[in-house]
1. What are the pairs, 6+ residues apart or on separate chains, where a residue within segment 152-164 that is within 26 Å of P33 (Cβ to Cβ) and in a loop (DSSP other than H, G, I, E, B) has its Cβ under 7 Å from a residue that is modelled with pLDDT of 95 or more and open to solvent by 20 Å² or more (accessible area, probe 1.4 Å)?
2. Can you tell me which residue is least open to solvent (accessible area, probe 1.4 Å) among those in segment 20-35 that are modelled with pLDDT of 90 or more and touching a Phe, Trp or Tyr at 6+ places or on another chain (Cβ under 9 Å)?
3. If we keep just the residues of segment 147-194 that are of a type in the set (D, E) and open to solvent by less than 60 Å² (accessible area, probe 1.4 Å), which is nearest to I22 (Cα to Cα)?
4. Is it fair to say I85 is over 12 Å from the mean Cα position of the chain (by Cα), open to solvent by less than 60 Å² (accessible area, probe 1.4 Å) and among the hydrophobic types (A, V, I, L, M, F, W, C)?
5. Quick one: is S17 open to solvent by 40 Å² or more (accessible area, probe 1.4 Å), at pLDDT below 85 and assigned to a helix (DSSP H, G or I)?
6. Would you be able to say whether some residue in segment 36-45 is closer than 16 Å to G107 by Cβ, among the hydrophobic types (A, V, I, L, M, F, W, C), in contact with an Asp or Glu (Cβ under 9 Å, 6 or more places away or on another chain) and open to solvent by less than 40 Å² (accessible area, probe 1.4 Å)?
7. I'd like the full set of residues that are open to solvent by 30 Å² or more (accessible area, probe 1.4 Å) and within 21 Å of I100 (Cα to Cα), limited to segment 58-69.
Amino acid sequence: MVTLRSFITKLHFPLFSCIGIIKGLHNIPKNIPFLLASNHPSRLDPCLLYLLLYKYANIEIHFLTTEELYHKLLLKKYLEFFNAIKIEESDRAKSVEQAIKVLHKCGVVGIFPEGQRSNLNNPRIKTGVARIALQAEVPIVPVRLLDKKSIFFKRFDVVIGKPLRLNKYYMKKKDPKVWRSIAEKSYKVIMSLS
């Protein structure tokens, strides 16, 4: 049966023209929750990754999104329709809890460790990626979007890395030093994918 969400998602498939080579589809876990962590070079990233997982793995991903995007009514409705999780600046813990609830229901959550679009070589990485993965006890699936400049339009190659399993850190899941270490290590893994 075709749902409204699947119908509208399929309307977005022309955006696949922005995707070049896809590597590592076999690294997407099957039938288990995971946290997808990607670099964030453009505005299209959440949409491209949502479509990619939907088309190739039949997975609907819940992206964490900044509160400022919810100030525009049309964009707010769009984000709500696709089950985005709003990061409330005044209560970030609430956003973390929402993400963990999705993961505990065997869902998939997407996050950009940079916290916002960034093409910087050395951005300040947020610890949310580690906090969520540790507290939900799920692996982090690293993804890199490689911006392939084109004369006419943006094009991205997508590289999906092997899941990062954090079992040895579960006993330290509330330690901010561990969050910082895992967040920075996972970002290095993301940026090493090619």
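The values are calculated or read from the model by the stated rules, or taken from the named source; none is laboratory data. Being a predicted model, the structure only gives us computed values, none of them experimental. Glycine also receives a Cβ, built like all others from the backbone with ideal geometry; neighbour counts cover every protein chain displayed. Areas reflect the complete protein model, heavy atoms only, side chains present, ligands, DNA and RNA absent. Shrake-Rupley method; radii C 1.70, N 1.55, O 1.52, S 1.80 Å.
1. Note: pairs meeting the criteria are G161/N27; G161/V189; G161/L193; K162/N27; P163/N27.
2. Among those that are modelled with pLDDT of 90 or more and touching a Phe, Trp or Tyr at 6+ places or on another chain (Cβ under 9 Å), it is I28.
3. Here the answer is D157.
4. It is false that I85 is over 12 Å from the mean Cα position of the chain (by Cα), open to solvent by less than 60 Å² (accessible area, probe 1.4 Å) and among the hydrophobic types (A, V, I, L, M, F, W, C).
5. For S17, the condition - open to solvent by 40 Å² or more (accessible area, probe 1.4 Å), at pLDDT below 85 and assigned to a helix (DSSP H, G or I) - is met.
6. No; the residues of segment 36-45 include none that is closer than 16 Å to G107 by Cβ, among the hydrophobic types (A, V, I, L, M, F, W, C), in contact with an Asp or Glu (Cβ under 9 Å, 6 or more places away or on another chain) and open to solvent by less than 40 Å² (accessible area, probe 1.4 Å).
7. Answer for segment 58-69, where residues must be open to solvent by 30 Å² or more (accessible area, probe 1.4 Å) and within 21 Å of I100 (Cα to Cα): N58, E60, H62, T66, E67.
Quick grid of which residues meet (1) over 20 Å from L166 (Cβ atoms); (2) of a type outside the set (A, V, I, L, M, F, W, C); (3) in contact (Cβ under 8 Å) with a residue 12 or more places away in the chain:
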site	(1), (2), (3)
L51	yes, no, yes
A84	yes, no, yes
G128	no, yes, yes
E137	no, yes, yes
K149	yes, yes, no
